[in-house]
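Read the structure below first, then the notes.
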Amino acid sequence: MKKRCAWCEGTFEAYEKYHDEEWGIPVHDDRIHFEFLILEGAQAGLNWATILKKRDGYKKAFANFDATVVAKYPQSKIDELLQDPSIIRNKLKVNGAVINAQKFLEVQKEFGSFDKYIWSFVGGKPIVNAWKTMSDVPATTPESDALSKDLKKRGFKFVGSTIMYAYMQACGLVNDHTVDCFRYEP
């Protein structure tokens, strides 16, 4: 049996698969960056398992995470999403996702890609930590603080430092697999 980070051990299969195949792996695809921006924002105040179970619903609701399409959602589409049980039906989060799509496109235009922008906060390469236990892992870092501050200044929603640190973990900007996890790579 593989030794995994404690946060996913003994959970459901899709959770372990997410840990094994996605979490902490560097992302350089803007569509995936946008997906995790939406999903991590939706997670605010909830747990990741809840969001992971609704991931397919989010994929359908948010046009396969196409920021260009989501940025143009009219109020009628937002109202429809607020009735969709396959996603978290929180008005602020759904509206925030549409606003974030618009801001995401502005960042792409300014930097050439969202990927180029986001990786600048970690000097272009993953920060590899060496945590012994999950209790050692911080909720925020100076890098997530800086990213959060810059995104807020640009008008993004649901991008607090804790949310952005979770985003950075998910997209591999930081590798926070514990040293006893089979995915840990120094």
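The values are calculated or read from the model by the stated rules, or taken from the named source; none is laboratory data. The structure presented is a predicted model; accordingly, all values stated were derived computationally and were not measured. Cβ coordinates were reconstructed from backbone atoms using ideal geometry, including for glycine residues, and neighbour counts include every protein chain displayed. Please note that ligands, DNA and RNA were not included when accessible areas were found on the heavy atoms of the full protein model with its side chains. Shrake-Rupley method; radii C 1.70, N 1.55, O 1.52, S 1.80 Å.
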Being of a type in the set (A, V, I, L, M) and part of a loop (DSSP other than H, G, I, E, B) is the filter; apply it to the stretch 58-82 and report the residue that is least open to solvent (accessible area, probe 1.4 Å). Ala71
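Rundown of residues vs (1) free of Cβ contacts under 8 Å to residues at least 40 places away in the same chain; (2) under 15 Å from Gln169 (Cα atoms); (3) out of contact with any Lys or Arg (no Cβ under 6 Å at 6 or more places or on another chain), yes/no style:
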| position | (1), (2), (3) |
| --- | --- |
| Lys91 | yes, no, yes |
| Ile99 | no, no, no |
| Phe104 | no, no, yes |
| Phe114 | no, no, yes |
| Trp119 | no, yes, yes |
| Val122 | no, yes, yes |
| Val128 | no, yes, yes |
Ile51: touching a residue at least 60 places away in the same chain (Cβ under 8 Å) and under 29 Å from Leu92 (Cα atoms), yes or no? no
Which numbered condition Ala170 misses (of (1) open to solvent by 60 Å² or more (accessible area, probe 1.4 Å); (2) within 19 Å of Pro26 (Cα to Cα); (3) aliphatic (A, V, I, L, M)): (1)
Asp150 versus (1) among the charged types (D, E, K, R); (2) touching a Gly at 6+ places or on another chain (Cβ under 7 Å); (3) more than 26 Å from Tyr15 (Cα to Cα): which is the lone unmet condition? (2)
Just need a number here: residues in the stretch 83-94 that are surrounded by fewer than 14 Cβ atoms within 10 Å (Cβ to Cβ) and either within 21 Å of the chain's Cα centre (by Cα) or within 30 Å of Trp7 (Cα to Cα) (or both). 4
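For the stretch 11-57: of the residues being assigned to a loop (DSSP other than H, G, I, E, B) and of a type in the set (Phe, Trp, Tyr), which is surrounded by the most Cβ atoms within 10 Å (Cβ to Cβ)?
In this case the residue turns out to be Trp23.
Rundown of residues vs (1) at pLDDT 95 or above; (2) touching a Ser or Thr at 6+ places or on another chain (Cβ under 9 Å); (3) small (Gly, Ala, Ser), yes/no style:
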| residue | (1), (2), (3) |
| --- | --- |
| Trp23 | yes, no, no |
| Asp29 | yes, no, no |
| Ile32 | yes, no, no |
| Thr50 | no, no, no |
| Pro74 | yes, no, no |
| Gly112 | yes, no, yes |
